[in-house]
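Okay, structure first, notes after.
A short reminder: the numbers here are calculations on the coordinates, not readings from a lab. Computed from a prediction, not measured in an experiment: that's the story for all the values here. Positions of Cβ are generated from backbone atoms using ideal geometry, with glycine treated the same way; all protein chains shown enter the neighbour counts.
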Amino acid sequence: MLKVGNENNMEKNKSAIIVGAGLAGSLWAVYLAKAGYKVTIYERRPDIRLAEISAGKSINLALSTRGWKALDTVGVGDQIREIAIPMYGRTMHDLEGNLTYQPYGKEGEAIYSVSRGGVNAKMMDIAEHDGGATIHYNHECLGADTKKGVVYLKNKETGEELSDQADVVFAADGAFSAVRYSAFQKLDRFNFSQHFIEDGYREILLPAGEGGEYQLEKNALHIWPRGRFMLIALANEDGSFTCTLFMPHEGDAGAFDKLNSKERVNTFFKTTFPDFYEMMPNIADVWEDHPLSSLGIMRSYPWHDGKTALIGDAAHATVPFYGQGMNGAFEDCTVLHELMQKHNENWESIFPEYSLVRKPDGDALQELSLDNYYVMRDFVGDSAFLLQKKIEAKFSALHPDKWMPLYSQVTFSEIRYSDAHKNGLRQDKIMKEVMASMENIETNWDSEEVMNRILEKI
């Protein structure tokens, strides 16, 4: 638990500005406030808690070990657990409606489904009530002086332009960060790139059954893998599921630009996801309830300049296929907090080390996320892939000190993303060599001979 430095001292002489009241910004506000900072958050959007929160333009999120650590360190994890649903594995749906189940980790290990809108609203409550932060909504960031710790803002309701200054400034304003765009990207030797993948996504809300019951198994992440595209579903608290279709924008026979009429939408779901269509025969009527959105990776470096730093998606936005975007952003808070302690809050020492230490993990998370897209899309229904996972699980159970599956390293440990990525590549090479060299591997996969062959290669 993070110790509160001066809870009884009402006057806070240290000040911090956070641009963005999203997940990373709200959590980081609690860390800073409990370290004795007067925290002010500027958010471009209206207060989402005053509007009805729907699935919207957002994929349900999956909380795992790294995220829980960051939340629990400041004592707010239990407030998020109240709205989190455990998922113990993946359930794959084939064209005939047959189900295949693959556990995520050891017995009892789970990732947790949370609605982005729901968890963001809860994090705003926590920032204000647990962190004592002041959040100004409808304030658009126009620019920043990174060296001086100044942000330039516009009140979207009144049109008034204003500025504010603090000891430290954190840009937590997402993949299309205004601070990064208007200030960092104008700096000499600042590197930035963006890469949009060919696929986009559209959300579909699968409602609860007539009695409010779940129409699918609640405690699993559901995947309909179809080669070049896939549908996934994560449970919500009210019995509904947030479903997301990932597919090419154009060019392929199964692409979003082909689904341009109700008839085509109906035909597509009837033939491609027949068991889903049975649950939601009105899919064509609600097809455009949520927008078609793009998926991209944003790389930048360094993540700091002067008194200002980038955190979360502003520094390392990724695609959502490892369920680690939120966890990675929360882990930024963990790393920054540890550096605050190491350097006794000397930001001139903290920021350079934060950029240097954390950048390889941001890059590795992006590579892992892209790799896992192909796993989810192409391989979760593939017999060779599933066999490899079974062999790995058995070997890991026999030799837990020598082998942890990549997914467990990323999801159920605090191993650095960069180390997990390297370990995963090495382990995959070993597995493929063993499987290619063994005859009748399909029938004797759990034999002592196979286990010893892996042991020899480690």
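For the chain, the longest principal axis of the C-alpha atoms and the axis of helix 23-34 are separated by about 50°.
Amide H contacts of residue 74: 2, each under 5 Å away and 5 or more positions distant or on a separate chain (H built 1.01 Å from N in the peptide plane; Pro and chain starts excluded).
Let me test this: with uniform point scatterers at the alpha carbons of segment 197-294, what is the Debye-based log₁₀ I(q)/I(0) at q = 0.18, 0.19, 0.25 1/Å? The computed values of log10 I(q)/I(0) come out as -0.82, -0.92, -1.53. Think of segment 382-457 as having a plus end and a minus end, set by charges on the Cβ of Lys, Arg, Asp and Glu; of 424, 444, 434, 424 sits farthest toward the positive end of this dipole. Only lysines eight or more places from residue 270 in sequence, or on another chain, were considered; those with a Cα closer than 26 Å are 57, 218, 258, 262.
Magnitude of the charge dipole for the chain, about its Cα centre and with charges confined to Cβ atoms of Lys, Arg (+1) and Asp, Glu (-1), is about 1040 debye.
Under the definition of Cα pairs under 8 Å and six or more residues apart, what whole-number percent is the relative contact order of segment 382-457? Don't skip to the end; give the middle numbers.
Working: 34 pairs, mean separation 23.3, N = 76.
Once normalised by length, the contact order is 31 percent.
Taking all Cα pairs closer than 8 Å and separated by 6 or more residues, the relative contact order of segment 89-238 comes to 23 percent. Segment 407-442 and segment 87-147 have Cα centres lying 27 Å from one another.
Using the count of nearby Cβ atoms within 10 Å as a rough guide to exposure, how do 359, 34 rank from fewest to most?
The order, fewest Cβ neighbours first, is 359, 34.
Could you list 40, 308, 443 in order of exposure, starting from the residue whose Cβ has the fewest other Cβ atoms within 10 Å? Intermediate results must be reported in sequence, preceding the final value.
Numbers: 40 20, 308 28, 443 8.
Ascending number of Cβ neighbours within 10 Å: 443, 40, 308.
Antiparallel beta bridges, as assigned by DSSP with both residues in the chain, represent about 75 percent of the total such bridges. Per residue, the average separation of C-alpha pairs within less than 8 Å and at least 6 apart gives the chain a relative contact order of 17 percent.
Using only Cα atoms, find the angle between the long axis of helix 417-437 and the longest principal axis of the chain, and express it within 0 to 90 degrees, rounded to the nearest 10. Rounded to the nearest ten degrees, it is 10.
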